[in-house]
1. Can you tell me which residues in the stretch 59-75 are part of a strand (DSSP E or B) and closer than 19 Å to E37 by Cα?
2. Can you name every residue in the stretch 39-48 that is in a strand (DSSP E or B) and more than 9 Å from the chain's Cα centre (by Cα)?
3. Considering the stretch 7-46 alone, what residues qualify as being modelled with pLDDT under 90 and charged (D, E, K, R)?
4. Keeping to the stretch 49-58, report how many residues are surrounded by 12 or more Cβ atoms within 10 Å (Cβ to Cβ) and either modelled with pLDDT of 90 or more or assigned to a strand (DSSP E or B) (or both).
Amino acid sequence: MKEANFKTDFIVIKALEDGVNVIGLTRGTDTKFHHTEKLDKDEIMIAQFTEHTSAVKIRGKTVIQTSNGEMSNEN
C-alpha cells in the first residue's frame, strides 16, 4: 500500500450558534461537495484534510482553531 503524500493538519470548529454548516470539498479537477455536517451551539468538530478533502467551507458563527492560529466569524 502506497503512503499518501498530503498534509494531515487538523482544524477545530466550535459552533457559537445552532445550525452551523461545515462542508467538505473534494480534491481534483472538479471541486465538489462530498460531506456536510450541521453543528448546534457549543458543539465542537475536529476535521482533517485528507487525500479526498482539500477545503472546508463553514457557514455560521464559529471559532476556528488551526495550526496557524485562531479566528472567529462571530461579528
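1. R59, T62, V63, I64, Q65, T66, S72, listed by residue number.
2. Matches in the stretch 39-48: L39, I44.
3. Hits for the stretch 7-46 are K7, D9, R27, D30, K32.
4. Total satisfying the criteria: 4.
The values are calculated or read from the model by the stated rules, or taken from the named source; none is laboratory data. All values reported here derive from a predicted model rather than from experimental measurement. Methodologically, a virtual Cβ is constructed for each residue, glycine included, from the backbone with ideal geometry; neighbour enumeration extends over all protein chains shown.
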